Amino acid sequence: MAGASVWDPSRANFEMHRKSSFSLFSDQAPRERPKPAGGAKKDGQHDKLWELMENYRSNDVDSVQRDIVAHAEYTLACTRFNLSDADAYRAASLAVRDRLLESFNDTSAYYLEQDVKRGYYLSAEYLMGRAFQNALVNLDLEPSFKDALMGLGFEMEDLFAHDVDPGLGNGGLGRLAACFLDSMATLSLPVWGYGIRYTYGIFRQHIVDGKQVERPDYWLASTYPWEIPRADITYPVRFGGRVEDYADEAGAWRQRWVGGEIVQAMAYDNPIPGFDTFNTNNLRLWRSCPAEEFDFDAFNDSKYSEAVEQRRRAEDLSAVLYPNDDKWEGKVLRLKQQYFFVSASLQDLLREFLRKPNRQWSELPDKVAVQMNDTHPTLSVLEMMRLLVDVQKLNWDQAWDLTKRTCNYTNHTVMPEALEKWPVEMLEEQLPRHLQIVGEINLRFVKELIKMYGDVPKVQRLSIFQEEPFKAIRMGNLAVLGSTKVNGVAAIHTEIVKKETFAEFYQYFCDIGQKDMFVNMTNGVTPRRWIHVANRPLSDIYSKYLGSQKWLTNMELLKELRKKTEDPALHKEWAAMKMQAKQHLATWLKEHMGLEVDVNSLFDMQFKRIHEYKRQLMNAFYLIHRYSQIKRASPQERSKFQKRTCLIGGKAAPAYVNAKTIIKLINNIGQVIKNDPDVSPYLTVAFVPNYSVSVAEAICPASDISQHISTAGTEASGTSNMKFVMNGGLIIGTMDGANIEIREEGGNDTMFIFGCLEDEVESIKKKAEGGHYPIDARMQEVFKTIRAGAFSLGDAQVTSDFSGLIDKLSDTTKAGTWEGDKYLLCYDFPSYLDAQERVDATYADQKTWIKLCIQASVSMAKFSTDRTISDYAEVIWGVKPAPRPAPQEKQTPNAEKPKATAPQPKKKA
Ligand SMILES: *Cc1c(COP(=O)(O)O)cnc(C)c1O
């Protein structure tokens, strides 16, 4: 069994550093803010200032109401005569933000004072989702805000809808980073996130005439209350120019990078509150702005508009998120984005490192750990070298040693089309100094390899430089070479990384005695958002049966309920919970897309980016097959089919033609079935537009079965599989990514597994190339109906587009190749149908079904990001929890308890 997982349930004691009681702020007494180390700064001049800032905001209903009302009038300039839900949302969120800021400031001060080792998570993407309810839950403010708002005439839940969902990521990778931030704060780990504040996030997906239409996502249209603009925190970032050699004071030759254009990176801080801790961390996102200096010559030459235009272009850098998921695109702007956020982040974290007086550079790896989320931030390795060698004047060997011991790299995909390779020419033009540095790193590495192996082709494969088909830097190789640890994101994936993707690097590290350079860190999701916020009824069941909410920070506790998988009382509550989630989704679907669904049908879901390897097309074929089966059956037989509601959703990269055709096919299947009264009572198929975090929060709780059916060996981990199982749904899936471990934890009977195994794929493809590729008769039947135009709604072009998809698959001479059935849909289809039949048969026995759902759901502790992050902290970063002490309650013996009444209306002229 591929099992390099560092997971060990015996040390899963996440509670170690935590408070024992749940409620953070239940006491209404005023709480004092911590005094600075070395006593209060009473200097006579600022005594009053200190006195006024001595206490935290109070969280009793009356104080909360006063804060909300004050923000409504004095921050937002609203009047009491027309305070809308949207205004109340903004005022309430500002009142929450005040409390976030207190905790955020005091946490930052605490980390600095304690001089703890800090972690920095660098990611080009963060799919944060809505912040309002998350902040209320994590700060334990939900009850007081609910009451406060009710007293002011507002329903808290109505306000949630006004919260924007910043989509600063494509899919799983960005959402993982967001779940990680939640766990890092919750575990009181001094780890910050760094990224890019895109003005336009992932596009909004509309479906028009069954087709995906992309609309820009201008998420900043109304001011975003959850960020703090930091006009005082900026760094210059250079592009272009040239490298100069010069002799320093000691007479040594050095390089400096000059000329070119300078862009300013400005910080926007997004406080990240932990749950059941007093720590609030930070996600610092960089926005590009024009640099301060003007090109006065241009102004004097009366080229005023050109000069302004050039400055305006600086803002383009952070303007848009590239909408590609798992596909590399060699765009200059993308390279510049990567360097932009890497350079700003490293300058910032080194400045923080240097804040301690008498800091020695040798301390860097003891005080800083950097995690590179995929290859997007890999320029960190080169930028760290530049900052240490050119700016801080360290010698090369020490700088390289410090860099390697500070950086770490997470690999997210083994798909060759995703691996970044920046053309040398592009680097030369934009980052000439970095090209020199990577050249030097490679030269030294290659020399060592030649000495070790003397094998030129092998050395060429390990080289950071690719020669063919174009000269380029292999960012994966650079990331591995510049890191202390490299990790995959699920057990099977880490094994593939070691034996295929970076096989020769793995061998090299074994040869130099660093076998444990490659480690596994199986992904997770945060139970706060994905259970407690998304599915409160389920959260309440857990808390009721376990007698506390402690499972929210220690999911191991849920395993206690394995004893109760047959408990009739629990079954009853479980069924009611699922029904409630389905009803909630049904209402949502009706409101958002006018879709009617039967809550008594089996809810079957596949939600994720649309990609050929994820095989939504195979699902579509299955739906056609099921449709034909029902259609052919007699009216009496039809009623024996398990009624299903099949929902599919996800965005396709705008230039990904096949993915967009698949969306159109799914929509057309839905339409044809809807128009067919013989079948529509038994089968509903719909494409749900604009899959995002907030849509996922409505979708996941309602699933009975969800599909995670990638070709074995293609999905690194997957995380929605975890969300769905945590919410009491079962999985139909392949032996791929984290499915394997989810099944291991939940029990083999809880997953409907089908399809070939990862180690069979190669031989299947080999055989297929010989032309021996039987296509199942049922699949041929599906192809026939598609080719006959049964799902084209009378449009011949559409028939041709759909036929294009299946021509590729059914060309048996090219099966298993790029031009053929690369992802083995034809091979896996028969076993997929078997698995679908097992789903129906099992669902028919509701008692067994619910038992399996409970068994799986309560066994998901391994897939809490609390487990993942404590592994990262321990094995990779060496960062320890630094929980800020509880604020002291102020000793005011005779103080009157504040009254929980709404403020009296003001009397104004
Ligand atoms: C969890 C999540 C994903 C990842 O889904 P996979 O099925 O693991 O690919 C993508 N998008 C959103 C909005 C998510 O919440």
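Rule-based calculations on the coordinates, nothing more; no lab input. These numbers were taken from a predicted model, which means no experiment stands behind them. Please note: Cβ atoms are built from the backbone with ideal geometry, for glycine as well, and neighbour counts cover all protein chains shown.
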Let a ≥ b ≥ c be the square roots of the eigenvalues of the Cα gyration tensor of the range 314-410; is it rounded (a/c under 1.5), or, if not, prolate (a/b larger than b/c) or oblate? prolate
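Which of the three applies to the range 732-820, rounded, prolate or oblate, going by the alpha-carbon gyration tensor with a ≥ b ≥ c and a/c under 1.5 meaning rounded? Before the final figure, lay out the partial values.
Numbers: a/c = 2.83, a/b = 1.58, b/c = 1.79.
Verdict is oblate for the range 732-820.
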Going by Cα centres, the range 747-777 and the range 141-179 are how many Å apart? 43 Å
How many angstrom lie between the C-alpha centres of the range 840-885 and the range 329-350? 34 Å
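Could you tell me whether the chain comes out rounded, prolate or oblate from its Cα gyration tensor? Rule is a ≥ b ≥ c as square roots of the eigenvalues, rounded for a/c under 1.5, then prolate if a/b exceeds b/c, otherwise oblate. Before the final figure, lay out the partial values.
Values: a/c = 1.60, a/b = 1.12, b/c = 1.43.
Note, shape of the chain comes out oblate.
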The relative contact order of the chain, taking Cα pairs under 8 Å that sit 6 or more residues apart, comes to a percentage of 15 percent
I need the phi-derived Karplus couplings for the range 500-511: 6.51 cos²θ - 1.76 cosθ + 1.60, θ = phi - 60°, integer Hz, Gly and Pro marked x. 10, 3, 10, 4, 6, 5, 4, 4, 4, 5, 4, 5
With an 8 Å Cα cut-off and a minimum separation of 6 or more residues, compute the relative contact order for the range 647-726 in percent. 30 percent
Return the long-range amide H neighbours of W422 (sequence gap of 5 or more, or a different chain), with a cut-off of under 5 Å between placed amide H atoms. I473, M475
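From the helices alone, meaning DSSP H stretches of at least four residues, give me the mean residue ellipticity at 222 nm for the chain, per-run term -39500 (n - 2.57), in deg cm²/dmol to the nearest 500.
Working: 33 runs with 373 residues, N = 909.
Here the helix-only value at 222 nm equals -12500 deg cm²/dmol.
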Residue-span extension gain [S548 to E448] - 0.36 nm each, minus C-alpha spacing: 30.2 nm
If each residue of separation counts as 0.36 nm, what is the full-extension length gain between Y218 and A777 once their alpha-carbon separation is subtracted? 196.4 nm
Label point distance in nm, E315-E762, each placed 7 Å from Cα along Cα→Cβ: 5.3 nm
Quick check on packing: order 56-67, 602-613 by the mean number of other C-beta atoms within 10 Å, highest mean leading. 602-613, 56-67
Sorted peptide list for 737-747, 707-717, criterion being average Cβ within 10 angstrom, highest first: 707-717, 737-747
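Would you mind getting me the FRET efficiency between E500 and A86? Use the beta-carbon distance for r and R0 = 60 Å, nearest 0.05. Present the calculation step by step, with values, prior to reporting the outcome.
Values: r = 52 Å, r/R0 = 0.87.
The value I calculate is 0.70.
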Rough spin-label spacing in nm, given labels placed 7 Å along Cα→Cβ, for Q507 and E440: 3.1 nm
Applying 1/(1 + (r/R0)^6) with R0 = 41 Å to the Cβ-Cβ distance of R355 and H206, what FRET efficiency is obtained, to the nearest 0.05? 0.30
Give the residues of the range 105-140 whose amide nitrogen is closer than 17 Å to a point set 7 Å from the Cα of K35 in the direction of its Cβ. 110
With label points set 7 Å from each Cα along the Cα-to-Cβ direction at R787 and L333, the distance between them in nm comes to 4.3 nm
The range 341-472: equivalent-ellipsoid semi-axes (sqrt of 5 x gyration tensor eigenvalues, Cα, Å): 27, 18, 15
Sorted by chain and then number, the residues having a modelled amide H within less than 5 Å of the amide H of W219, at least 5 places away or on another chain, are G201
Take the Cα of T813, step 7 Å along the line toward its Cβ, and report every residue of the range 751-768 whose backbone nitrogen sits under 20 Å from that point. 765-768
Dipole in debye (nearest 20) - the range 296-380, about Cα centre, beta carbon charges: Lys, Arg +1; Asp, Glu -1: 260 debye
Rel. contact order, % - alpha carbon contacts under 8 angstrom, at least six apart, the range 573-677: 32 percent
So which lysines can K421 reach, going by Cα to Cα under 18 Å and dropping same-chain residues fewer than 8 places off? K327, K331, K336, K471
Per residue of the range 91-107, in order, report the coupling 6.51 cos²θ - 1.76 cosθ + 1.60 (Karplus, θ = phi - 60°) as ³J(HN,Hα) in whole Hz, putting x for Gly and Pro. 5, 5, 5, 5, 5, 5, 4, 3, 6, 4, 5, 4, 5, 4, 5, 6, 5
Amide H neighbours of R118 under 5 Å, counting only residues 5+ apart in sequence or on other chains, H built in-plane at 1.01 Å? V368, A369
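Rank-order 105-111, 446-452 by packing density, defined as the average count of other C-beta atoms within 10 Å over each peptide's residues, highest first.
Values: 105-111: 18.9, 446-452: 13.4.
Ranked from most to least packed, the peptides come out as 105-111, 446-452.
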Whole angstrom only: what separates the Cα centroid of the range 669-732 from the Cα centroid of the range 600-632? 9 Å
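If R₀ is 25 angstrom, what is the calculated FRET efficiency for the pair A250 and D366, using the beta carbon separation as r and rounding to 0.05?
Working: r = 27 Å, r/R0 = 1.10.
The computed FRET efficiency comes out at 0.35.
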For K765, which aspartates and glutamates qualify as cross-link partners when the Cα separation must be under 20 Å and same-chain residues fewer than eight apart are set aside? E417, E500, E612, E715, D736, D776, D807, D811, E819, D821, D828
DSSP bridge orientation in the chain - percent antiparallel, rounded to nearest 5: 45 percent
Enumerate the calculated ³J(HN,Hα) couplings along the range 744-761 in order (Karplus 6.51 cos²θ - 1.76 cosθ + 1.60, θ = phi - 60°), each rounded to whole Hz, writing x wherever the residue is Gly or Pro. 4, 6, x, x, 4, 6, 8, 10, 8, 9, 8, x, 6, 8, 4, 7, 9, 4
